[in-house]
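Notes to accompany the following structure.
The values are calculated or read from the model by the stated rules, or taken from the named source; none is laboratory data. Quick caveat, the model's predicted, so the values are computed rather than measured. Here the Cβ positions follow ideal geometry from the backbone for every residue, glycine too, while neighbour counts run over all protein chains shown. SASA here: full protein model, heavy atoms, side chains in, ligands and nucleic acids out. Shrake-Rupley method; radii C 1.70, N 1.55, O 1.52, S 1.80 Å.
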Amino acid sequence: MKLKKSKFYFLMTIILSTSILTSCSKSSFPPAGTTVECNGKLLQPILNPTQRPEFPGGSQAMFKFLKDNFKLPREVAGKKINGKIRVAFIITKEGEICDVRITSKPIKYIDDEFIRVFKIMPKWIPATNEGKIVDSYYLLDINL
């Protein structure tokens, strides 16, 4: 069932944690400089590029994408949901999202839906570091 506007309020409280992975969540990804496999390619994502990746159209466009695509799981429909979801992922040089992970305390049923929605996002504008396009980590906090 499609999420109605009135039930979508919790997504509008999204806090963009546009800082790239901080020390409190490094354990969810390999250490910086480690090669990881992502969409069949070997990458060495960086933590703090000089120019962060960006959703096409900016944060408002990302809010709209989340609103349009997030479907409240049947198991939690009508229930009060509290907490914070921390979504960590890699944005490749090509702007693709991969290795989507929920790094916060699990919220049953909601986590899988956020992972699904992030995996269908359009390509992002990739990060650059000192003028060079790079693979990078990205962290987003979502308050429910």
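Assorted remarks:
- Here the accessible area is traced with a 1.4 Å probe on the protein chains. For region 72-115, carbon and sulfur cover 46 percent of it.
- Placing unit charges on the Cβ atoms of the charged side chains and taking the dipole of region 76-125 about its Cα centre, the candidate lying farthest along the positive direction among PHE114, ILE91, SER104 is SER104.
- Computing FRET efficiency as 1/(1 + (r/R0)^6) for ALA77 and THR50, where r is the C-beta to C-beta distance and R0 is 35 Å, gives about 0.20.
- 24 Å Cα-Cα threshold exceeded, pairs from LYS71/LYS93; LYS41/LYS123; LYS71/LYS108; LYS41/LYS105: LYS71/LYS93; LYS41/LYS105
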